[in-house]
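K.L.:
Can you keep this structure in mind? I'll have questions shortly.
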Amino acid sequence: MATVLKQTPVPHYVSSKCNGDVQERDQVTKLVAQVSEKDGKVLHPDLLNPRLLEAQYAVRGELCLRAEELKKTKEIIYTNVGNPQALGAKPLTFVRQVIALCAAPFLLDDPNTPLLFPADAIERAKKIIASFGTGGVGGYTDSRGNPMIREEVADFIQARDGHRPSTEHIYLTDGASAGVRNVLQSIIRNEADAVLVPIPQYPLYSASIALYGGKLLPYELDEASGWGLDLDALTRTVAAARAEGYSVRALVFINPGNPTGQCLPGEEVARLVEWCAQQRVVLLSDEVYQELVYRKDRPFTSAHKALMESKYAQTAELISFHSVSKGTSGECGLRGGYHVFSNIHPDTVAQFYKLSSIGLCPNTIGQVVVSTLCNPPQPGEPSYELFAKERADELASLSRRAALVSGAFNSLPNMSVVPTEAAMYAFPQVHMPPGALAAAEAAGKKPDVFYCLAMLEEAGICTIPGSGFGQAAGSQHFRTTFLPREEVMEGFVQKFKAFHINFMEKFGPKKKQ
């Protein structure tokens, strides 16, 4: 169909800028008409916000779409998305009991309820419902979230870090992602504003920065040192960007790491906090995997704790994020989370309140989940033993799966991986033979995409190419979760090994006869 241009009235801003020049006005009006409609559609893709078109989100990209087609005819093992319950994880009983009672408060008046629900779940539900006011979970809350639940978050942080933030600086959100987007939208003023983002990174950051019109300033994590930080290289990156006229506003820090699966030692977190303070950049600390740490000798250290125990405790600017989606609860679909402001100007916090108010409030069921996880059952309470067992069992299983996958990858030729010590991902490097690189080029695909597509077609395993997260030049990676149940992951390992060996034999050097 040919492009059809619709004539539109002359906008006021056209008339005012043309100063009565009819010819100039007509020319501008034609330009306005040309971009108002295309092929009979106002919302033609060519007429959308170009920043939206630029944004990429590899987690749900080409591989995911192809997997959806293939699953009609073959079994697919999905290891592409960190979506625990969709891959077999069970929700924590106490969490769902409290949600059920909050969502159906009439159950609290049913004489049979004490036979079905433990006393502490009933009391917690009553307390939460009362804190929401007359409408319960069906009404709007403060745009920052329920005040009582924000108090529980503050208590949780104090127990974890030994330092308590003000509840005025705690904002509940629809998962951590909503908070990240609000913060980036507020930080980025124009294309000269740069945000430092680790490579590899979670595509939420690259996509959001593109959407808001900022500059992504990559800093590479050091794979050889277990995906560690190189602060000297970071300093050079910032100096070069500022020399080019960029305003370096913030640094994104993902710990434990996605997609890398590392947990940074506490002393390195402390050094990063000090570096950000000295460089005058805001630290954005993504800590949604903090519960999932498998090395007892390297516990999670929050950026908030490191800040409060540094000489910059009253000055360095920090915003930290957490979520109910990525721990043993795995409540991705219920969209609960929070972020905390540290040393942010009070008038700036007020602007964030305004931004949150535009969205009215975070969803109330997500807020309930935050309450149950920040204030879980305590020893001696009826639900404690089951809650503790469910969490411990899932954490132990994840640890075994992490070891299974890391060991399998490191046992194969032309492949290596930094062993996963936290979170729910592995990010192995595939050392592609020249024949595979040539075949990928002939197919018009990036080498890592070519490899992952072959894995999907031949082994029925859906992963994400490393190029979707960023990777060192010339290297080829992919990200996989180990969230499917243990028996499924054992099958994953066998299928993957067979595929990888066959791939390398197919594209590697041919043996002499």
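Rundown of residues vs (1) touching a helix residue (DSSP H, G or I) at 6+ places or on another chain (Cβ under 9 Å); (2) open to solvent by 30 Å² or more (accessible area, probe 1.4 Å); (3) outside the structural domain of residue 316 (by TED's automatic domain parsing), yes/no style:
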site: 232; (1), (2), (3): no, yes, no
site: 235; (1), (2), (3): yes, yes, no
site: 249; (1), (2), (3): yes, yes, no
site: 257; (1), (2), (3): no, no, no
site: 274; (1), (2), (3): yes, yes, no
site: 277; (1), (2), (3): yes, no, no
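K.L.:
Within region 490-502, restricting attention to residues that are touching a residue at least 60 places away in the same chain (Cβ under 8 Å) and surrounded by fewer than 21 Cβ atoms within 10 Å (Cβ to Cβ), which residue is farthest from residue 406 (Cα to Cα)?
P.N.:
Per the criteria, the residue is 501.
K.L.:
I'd like to check something: does region 438-456 contain any residue that is open to solvent by 30 Å² or more (accessible area, probe 1.4 Å), closer than 27 Å to residue 288 by Cα and either touching a residue at least 12 places away in the same chain (Cβ under 8 Å) or outside the structural domain of residue 222 (by TED's automatic domain parsing) (or both)?
P.N.:
no
K.L.:
Assess whether residue 413 counts as being more than 30 Å from residue 264 (Cβ to Cβ), open to solvent by 60 Å² or more (accessible area, probe 1.4 Å) and touching a residue at least 60 places away in the same chain (Cβ under 8 Å).
P.N.:
Yes, satisfied.
K.L.:
Considering 349, 340, 368, which residue is under 28 Å from residue 135 (Cβ atoms), touching a Cys at 6+ places or on another chain (Cβ under 7 Å) and open to solvent by less than 50 Å² (accessible area, probe 1.4 Å)?
P.N.:
368
K.L.:
What are the residues in region 197-226 that are touching a Ser or Thr at 6+ places or on another chain (Cβ under 8 Å), within 22 Å of residue 323 (Cα to Cα) and not in a loop (DSSP other than H, G, I, E, B), if any?
P.N.:
The answer is 197, 204.
K.L.:
Considering region 269-322 alone, what residues qualify as being charged (D, E, K, R) and either farther than 20 Å from residue 154 by Cα or touching a Leu at 6+ places or on another chain (Cβ under 8 Å) (or both)?
P.N.:
Answer for region 269-322, where residues must be charged (D, E, K, R) and either farther than 20 Å from residue 154 by Cα or touching a Leu at 6+ places or on another chain (Cβ under 8 Å) (or both): 271, 274, 280, 291, 295, 296, 297, 298, 311, 317.
K.L.:
Could I ask something else about it? Restricting to region 314-347, name every residue that is farther than 26 Å from residue 81 by Cα, assigned to a loop (DSSP other than H, G, I, E, B) and out of contact with any strand residue (DSSP E or B) (no Cβ under 9 Å at 6 or more places or on another chain).
P.N.:
Once the filter is applied, which keeps residues that are farther than 26 Å from residue 81 by Cα, assigned to a loop (DSSP other than H, G, I, E, B) and out of contact with any strand residue (DSSP E or B) (no Cβ under 9 Å at 6 or more places or on another chain), region 314-347 yields 314, 315, 345.
K.L.:
Separate question: Starting from residues that are touching an Asp or Glu at 6+ places or on another chain (Cβ under 9 Å) and hydroxyl-bearing (Ser, Thr, Tyr), keep the ones in region 181-211 and report whichever is least open to solvent (accessible area, probe 1.4 Å).
P.N.:
Looking at residues that are touching an Asp or Glu at 6+ places or on another chain (Cβ under 9 Å) and hydroxyl-bearing (Ser, Thr, Tyr), I get 205.
K.L.:
Taking only region 385-399 into account, find how many residues are touching a residue at least 60 places away in the same chain (Cβ under 8 Å) and either open to solvent by less than 20 Å² (accessible area, probe 1.4 Å) or out of contact with any helix residue (DSSP H, G or I) (no Cβ under 8 Å at 6 or more places or on another chain) (or both).
P.N.:
7
K.L.:
For region 157-180, name all the residues that are part of a helix (DSSP H, G or I) and open to solvent by 50 Å² or more (accessible area, probe 1.4 Å).
P.N.:
Residues satisfying the conditions are 158, 159, 160, 168, 169.
K.L.:
Give region 469-489 a look and list any residue that's in contact (Cβ under 8 Å) with a residue 24 or more places away in the chain and either open to solvent by 20 Å² or more (accessible area, probe 1.4 Å) or in a loop (DSSP other than H, G, I, E, B) (or both), or say none.
P.N.:
Result: 469, 470, 471, 472, 475, 476, 482, 483, 484, 485, 486, 488.
K.L.:
Taking residue 402, is it part of a helix (DSSP H, G or I) and buried (at least 21 other Cβ atoms within 10 Å of the Cβ)?
P.N.:
It is true that residue 402 is part of a helix (DSSP H, G or I) and buried (at least 21 other Cβ atoms within 10 Å of the Cβ).
K.L.:
Is it the case that residue 190 is of a type in the set (S, T, N, Q) and assigned to a loop (DSSP other than H, G, I, E, B)?
P.N.:
yes
For (1) farther than 16 Å from residue 98 by Cβ; (2) under 21 Å from the mean Cα position of the chain (by Cα), each residue gets a yes or a no:
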site	(1), (2)
312	yes, no
319	yes, yes
327	yes, yes
334	no, yes
340	yes, yes
345	yes, no
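Yes/no matrix, rows are residues, columns are (1) charged (D, E, K, R); (2) open to solvent by 40 Å² or more (accessible area, probe 1.4 Å):
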| site | (1), (2) |
| --- | --- |
| 64 | no, no |
| 75 | yes, yes |
| 81 | no, no |
| 85 | no, yes |
| 92 | no, no |
| 96 | yes, yes |
| 113 | no, no |
| 117 | no, no |
| 127 | yes, yes |
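K.L.:
Would you say residue 154 is of a type in the set (Gly, Ala, Ser), in contact with a helix residue (DSSP H, G or I) (Cβ under 7 Å, 6 or more places away or on another chain) and within 30 Å of residue 354 (Cβ to Cβ)?
P.N.:
When the stated conditions are applied, residue 154 passes them.
K.L.:
Right, something else. Within region 412-427, can you find the residues that are under 13 Å from residue 451 (Cβ atoms) and either outside any loop (DSSP other than H, G, I, E, B) or in contact with a strand residue (DSSP E or B) (Cβ under 6 Å, 6 or more places away or on another chain) (or both)?
P.N.:
The one that is under 13 Å from residue 451 (Cβ atoms) and either outside any loop (DSSP other than H, G, I, E, B) or in contact with a strand residue (DSSP E or B) (Cβ under 6 Å, 6 or more places away or on another chain) (or both): 415.
The values are calculated or read from the model by the stated rules, or taken from the named source; none is laboratory data. Only a predicted model underlies this, so the values are computations on that prediction, with no experimental measurement involved. Glycine gets a Cβ as well: all are built from the backbone with ideal geometry, and neighbour counts include every protein chain shown. Side chains included, ligands, DNA and RNA excluded: accessible areas come from the protein's heavy atoms. Shrake-Rupley method; radii C 1.70, N 1.55, O 1.52, S 1.80 Å.
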